[in-house]
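To start, the structure itself, in structure tokens.
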Amino acid sequence: MISGPGAGGIIGPMAITSRLATVADLPALLPLVDAAIERLLTPWLDAEQIRASRRIMGLDTRLIEDGTYVVVEIDGRPAGCGGWSRRTTLYGGDHTPGRDDALLDPATQPARIRAMYTDPGFARRGVGMLVLRRCEAAAAAEGFTRAELMATVAGRPLYEAAGYRVDEELDDTSTGVRIPLARMSRTIGPGAAAAGASW
């Protein structure tokens, strides 16, 4: 989950649209994801940690199949993407082992905010916040009252600005390299739905 610091800012006067992603978007989204991992994590992580981050992060096409992954475009160019999930997996891409597709119970479990990435060229323009609010609204419409995510050091400022609080600081060491992460959550509901307009 990547977004630049201060990504809750306002998008300037450009044509901005958002829609659900399809598999046809993958050729454009995969380079965006790679650039986000490489460039937005660089201020915080060393080269070895960034290489390891690629092994634990990435786009999970299950989100596209489930119809819960959104693409934001500015002037027709993909500027960011992200999704939410009604399934158990908290983070990771298609290549990440140990994913769990079991469905969550909205009455007792939080929805997952997943695979958030911003094109570095559009960082700090509100792209990440737009994706986040739309995901929260869609999850709330399905009865979820909380949202949970795993934040990278680069994404954490966005989530804190959006009202998420840290539940746990931890390191992913599954690759043999320490990647600092933070498990975060917040309450969602009618307010989030109002903030995130329709898909």
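All of the numbers you see were taken from the coordinates with simple rules; none came from a lab. Just so it is clear, the structure is predicted and the values come from calculations on it, not from any experiment. Cβ coordinates were reconstructed from backbone atoms using ideal geometry, including for glycine residues, and neighbour counts include every protein chain displayed.
Under a 5 Å amide H cut-off, with hydrogens placed 1.01 Å from N, Gly80 pairs with Val72, Asp119 among residues at least 5 apart or on other chains.
Sort Met129, Met57 so the one with the fewest other Cβ atoms within 10 Å of its own Cβ comes first. Provide the component values of the computation, followed by the final result.
Values: Met129 23, Met57 26.
Taking fewest neighbouring Cβ atoms as first place, the list is Met129, Met57.
If I build a Gaussian network model for the chain, linking alpha-carbon pairs within less than 10 angstrom, which residue out of Glu38, Glu160, Glu168 has the largest mean-square fluctuation? With Cα springs under 10 Å in the chain, the top fluctuation among Glu38, Glu160, Glu168 is at Glu168. In the elastic network of the chain, a GNM with C-alpha springs shorter than 10 Å, the most mobile of Ala161, Ala79, Ala151 is Ala161. You can think of it this way: the chain between Met14 and Asp66 has 15.8 nm of extra reach, that is 0.36 nm per residue less the Cα-Cα gap.
With springs only between Cα atoms under 10 Å apart, run a GNM on the chain and tell me which of Pro31, Pro120, Pro180 wobbles the most. Of Pro31, Pro120, Pro180, the Gaussian network model singles out Pro31 as fluctuating most. Shape analysis of region 112-161 yields a ratio of the Cα radius of gyration to the Kirkwood radius, Rg/Rh, of 0.97. Express in nm, to one decimal, how much length is gained between Thr88 and Ala24 on full extension, taking 0.36 nm for each residue of separation and deducting their alpha carbon distance. Net length gain for the segment: 20.5 nm.
Ranking of Tyr164, Tyr117 by neighbouring Cβ atoms within 10 Å, starting from the fewest: Tyr164, Tyr117.
Using only helices, what value at 222 nm comes out for the chain when you add -39,500 (n - 2.57) per DSSP H run of length 4 or more and divide by the total residues, to the nearest 500 deg cm²/dmol?
On the way: 6 runs with 57 residues, N = 199.
It comes out at -8500 deg cm²/dmol, rounded to the nearest 500.
Mind giving me the nanometre distance, one decimal, between the label points for Asp101 and Asp46, set 7 Å out from Cα along Cα→Cβ? It is 3.9 nm.
Of the residues Val71, Val23, the one with the fewest other Cβ atoms within 10 Å heads the list, and the complete ranking is Val23, Val71. Enumerate the whole-percent occupancy of each 5 Å bin, from 0 to the last occupied one, for all C-alpha pair distances of the chain. Going out from 0 Å in 5 Å bins, the chain shows 1, 8, 18, 23, 23, 16, 8, 2, 0 percent.
Note on Thr173 and Arg54: the model spin-label points, each 7 Å out from Cα along the C-beta direction, lie 2.4 nm apart.
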